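The values are calculated or read from the model by the stated rules, or taken from the named source; none is laboratory data. Just so it is clear, the model here is predicted, and its values are computed rather than measured. Please note: Cβ atoms are built from the backbone with ideal geometry, for glycine as well, and neighbour counts cover all protein chains shown. Note: accessible area is taken over every heavy atom of the protein model, side chains too, but ligands, DNA and RNA are not part of it. Shrake-Rupley method; radii C 1.70, N 1.55, O 1.52, S 1.80 Å.
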Amino acid sequence: MFGYPEDEQYFAGLLSGGKLDVLEEKYGHLFDFREPSLKRAEFNVLRGKLLPDLMRRFDGRCGLQIERICEGDVSLAVDHFIPLSSNILNKELRHLRAVAGKKVATQSFGSNHPDNLVLACSACNSYKKHRFPDKALVNRVLKNKL
Ligand SMILES: [Zn+2]
């Protein structure tokens, strides 16, 4: 369950042409709203097993291919397409501000499902960290497999 209806709308706009039922049906498995620390712990166990499969799926190259910074096949790692957690929507949709000494609260979003994982070079990986993909990236990474 999304914490806020505007979050669901945001992801429907990004992934399913604004259609909430399609978001649920086709992309629901990309989300997991449990505590990020739980998901992170599960991911750390899975990571090593997932790498060979992702190397095959992405032909041993970065799946993000962010223009001008991508290093192709250098230092590839497993990355979450929808981040495990983020405070972007709290900032951008609800305009929450950091209060003295504290960052804006994060929310739990992405899952560890293989469809939410992508092989990423270190440059693209650090660029994308905690950001949500834009539509161009969604089309490039998800269109062939979902
Ligand atoms: Zn890259």
task = Take the solvent-accessible surface of the protein heavy atoms, probe 1.4 Å, and return the percent of it on the chain that carbon and sulfur atoms account for.
result = 52
request  = Please work out how much length the chain gains when fully extended from residue 53 to residue 139, using 0.36 nm per residue of separation minus the C-alpha to C-alpha distance, in nm with one decimal.
outcome  = 28.9 nm
Pairs beyond 31 Å (Cα-Cα), from 91/143; 26/128; 26/103; 103/143; 49/103 = 26/103; 103/143; 49/103
remark   = For the chain, longest principal axis from Cα atoms; helix 5-15 axis from its Cα atoms; angle between them, nearest 10 degrees, is 30
ask   = Residues with beta-carbon under 14 Å from that of residue 122, excluding residue 122: net charge, scoring Lys, Arg +1 and Asp, Glu -1?
value = 0
remark   = The summed charge of the residue 97 Cβ neighbourhood (under 14 Å; Lys/Arg +1, Asp/Glu -1) stands at +3
query = What residues from the range 47-76 fall in the zone where the backbone N is under 13 Å from a label point 7 Å along the Cα-to-C-beta line of residue 91?
reply = none
task = Could you do me a favour and compute the accessible area per residue for the range 59-124, 1.4 Å probe, result in Å²?
result = 51
query = What does the helix-only formula give at 222 nm for the chain: each DSSP H stretch with n ≥ 4 adding -39500 (n - 2.57), the total divided by the residues, and the result rounded to the nearest 500 deg cm²/dmol?
reply = -12500 deg cm²/dmol
ask   = Mind ordering 43-55, 70-82 by average Cβ neighbours within 10 Å, highest first?
value = 70-82, 43-55
message = Sorting check: for 6-15, 108-117, 19-28, which peptide has the highest mean count of neighbouring beta carbons within 10 Å, and how do the rest follow?
response = 108-117, 6-15, 19-28
task = Report the calculated FRET efficiency for residue 6 and residue 41 (r = Cβ-Cβ distance, R0 = 25 Å), to the nearest 0.05.
result = 0.25
Within the range 79-109, backbone nitrogen closer than 17 Å to the virtual label 7 Å beyond the Cα of residue 33 toward Cβ = 83-90, 94, 106-109
task = Could you please state, rounded to a whole Å, how far the C-alpha centre of the range 38-80 is from the C-alpha centre of the range 101-146?
result = 11
query = If we count every other residue with Cβ under 10 angstrom of residue 137's Cβ, Lys/Arg +1 and Asp/Glu -1, where does the sum land?
reply = +3
task = Apply the Kirkwood formula to the chain: the hydrodynamic radius equals the inverse of the mean of 1/r over all pairs of different alpha-carbon atoms; give it in Å with one decimal.
result = 15.9
